[in-house]
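The values are calculated or read from the model by the stated rules, or taken from the named source; none is laboratory data. A quick note: this is a predicted structure, and the numbers were derived from the prediction, not measured. Note that each Cβ is placed from the backbone with ideal geometry, even for glycine, and that neighbours are counted across all protein chains shown. To get the accessible areas, we keep the full protein, side chains included, count just its heavy atoms, and leave off ligands, DNA and RNA. Shrake-Rupley method; radii C 1.70, N 1.55, O 1.52, S 1.80 Å.
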Amino acid sequence: MLKSPATFAVFALLLLATPARGQTADWPPGPDRDLVQDKCTMCHVATQVTSRRLDADQWAEIVGRMVTTNGAVLSDDEFTRIVKYLGDQMGPPAAENKASANPANPPPAK
């Protein structure tokens, strides 16, 4: 039980300052958005996922690592659906895809 008004105030501020799971960023609409949002935000803030732009193979590698190394629990079907959503909705920008797919137009050197 909270014994003092100061303890209660600190607890209330922390509770109000903590965003609801999955509500810290905009998730692009698409099939399985709720599944991805629910599974990813069990461990990560949403922006850790939504700020990245990777192709489906890269997402498969990352999600696979979450399962094999970090203990995420996903069925094979959930894995496939999550990787598809991430690749479709959070893949590289279209211009980057075209540039990397055309050897005559390589991406700029870094």
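Going through A46, A60 one at a time, which residue ends up being at pLDDT 95 or above, among the small types (G, A, S) and surrounded by 15 or more Cβ atoms within 10 Å (Cβ to Cβ)?
A60
Tell me yes or no: at least one residue of region 92-107 is open to solvent by 80 Å² or more (accessible area, probe 1.4 Å) and modelled with pLDDT of 75 or more.
Checked region 92-107: no residue is open to solvent by 80 Å² or more (accessible area, probe 1.4 Å) and modelled with pLDDT of 75 or more.
Could you pull out the residue among R65, R52 that is charged (D, E, K, R), assigned to a loop (DSSP other than H, G, I, E, B) and exposed (fewer than 15 other Cβ atoms within 10 Å of the Cβ)?
R52
Determine, yes or no, whether R21 is at negative phi and at pLDDT 90 or above.
Criteria not met by R21.
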